[in-house]
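Inspection log for the structure reproduced underneath, given as C-alpha cells.
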Ligand code: IYR
C-alpha cells in the first residue's frame with residue numbers, strides 16, 4: 001500500500017428523491033443481468049475489457065493488497081486447450097463428484113459437462129486470487145488478507161461493468177480448477193478463482209426463467225421506527 005498522509009474525501013449529498021430515482025434505475029438495469037452460456041463469436045475490443053478490469057480493480061481489499069490478477073484470454077489455441085481441460089474435470093464432477101442433490105439443484109439450469117462457450121465466447125477473463133505476494137528482490141512472502149472476499153467484490157464490480165456496456169458473462173467454476181494456473185503458466189502465488197467467458201449473447205441464447213428473492217426475504221430490519 002502507498003504510504004502517506006490521509007487526504008480529504010467527500011461525496012455529493014443527493015436528495016432522498018434523487019437517491020430513490022437513481023437506485024430505481026440501477027435496480028431495473030442490474031436486474032436484467034443474467035448468466036449467459038451461449039455467445040456470438042464477435043470479438044470484444046480489448047480496450048473495453050481493459051476498462052472493465054480497471055473498474056474491477058477499484059474494489060476494496062484486505063489491507064488494500066489488491067490480491068487479484070485478471071487474465072484476458074482470446075487466443076483460440078489457448079481457449080481450445082482450456083475447454084478440453086474444463087470438460088475433462090467437469091465430466092468427472094457430473095459423473096461422480098457432485099452429489100445427487102447437487103445435480104438435482106442444477107436441473108433448472110440445464111448444464112452438463114460440455115462447455116462450448118469456452119471456445120465460442122470471444123474472450124475469457126480468468127480471475128486469479130493471489131494468496132500472498134512475493135518480494136521482487138528478496139523472494140520473501142508477504143501475506144494477503146481476506147483474499148476470497150476481496151476477489152468476490154472485484155468480480156461483482158466486473159460483472160456490473162460488463163452489464164453496463166451490454167456484454168454478457170458467465171461466472172464459471174470448474175472444480176478443481178488448478179489446471180487454469182498450469183495452462184496460463186501463472187506464478188505459484190496465484191490460484192484460479194473464476195473463469196468468466198464474456199461476449200454478446202448468441203441470437204438463440206436462452207436463460208432459465210428464474211425469479212429473485214423478494215426484498216422481505218433477504219432483508220431483516222433491526223430499527224427503532226424513528227427513521228424516515
Ligand atoms: N461447475 C459446473 C457445475 C455447476 C455448479 C453450480 I453451484 C452452478 O451454479 C452451475 C454449474 C458447471 O459449470 O457446469
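The table below gives the values:
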| read-out | value |
| --- | --- |
| Members of segment 132-182 found to be touching a helix residue (DSSP H, G or I) at 6+ places or on another chain (Cβ under 6 Å) and over 20 Å from residue 82 (Cβ atoms), listed by number | 145, 146, 150, 154, 157, 161 |
| Complete set of residues in segment 54-68 that are farther than 13 Å from residue 147 by Cα, in contact with a helix residue (DSSP H, G or I) (Cβ under 7 Å, 6 or more places away or on another chain) and not in a loop (DSSP other than H, G, I, E, B) | 55, 56 |
| Yes/no for residue 172 being surrounded by 17 or more Cβ atoms within 10 Å (Cβ to Cβ), within 29 Å of residue 203 (Cα to Cα), modelled with pLDDT of 95 or more and within 16 Å of the ligand (Cβ to nearest atom) | yes |
| Complete set of residues in segment 88-100 that are under 19 Å from residue 124 (Cβ atoms) and more than 10 Å from the ligand (Cβ to nearest atom) | 88 |
| Looking only at segment 101-126, and only at residues there that are assigned to a loop (DSSP other than H, G, I, E, B) and within 16 Å of the ligand (Cβ to nearest atom), the one that is surrounded by the most Cβ atoms within 10 Å (Cβ to Cβ) | 121 |
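For (1) part of a helix (DSSP H, G or I); (2) modelled with pLDDT under 95; (3) closer than 23 Å to residue 65 by Cβ; (4) within 14 Å of the ligand (Cβ to nearest atom), each residue gets a yes or a no:
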| residue | (1), (2), (3), (4) |
| --- | --- |
| 84 | yes, no, no, no |
| 128 | no, no, yes, no |
| 157 | yes, no, yes, no |
| 181 | yes, no, yes, no |
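The values are calculated or read from the model by the stated rules, or taken from the named source; none is laboratory data. All of these numbers come straight from a predicted model, not from anything done at the bench. We place every Cβ from the backbone using ideal geometry, glycine too, and count neighbours over all the protein chains shown.
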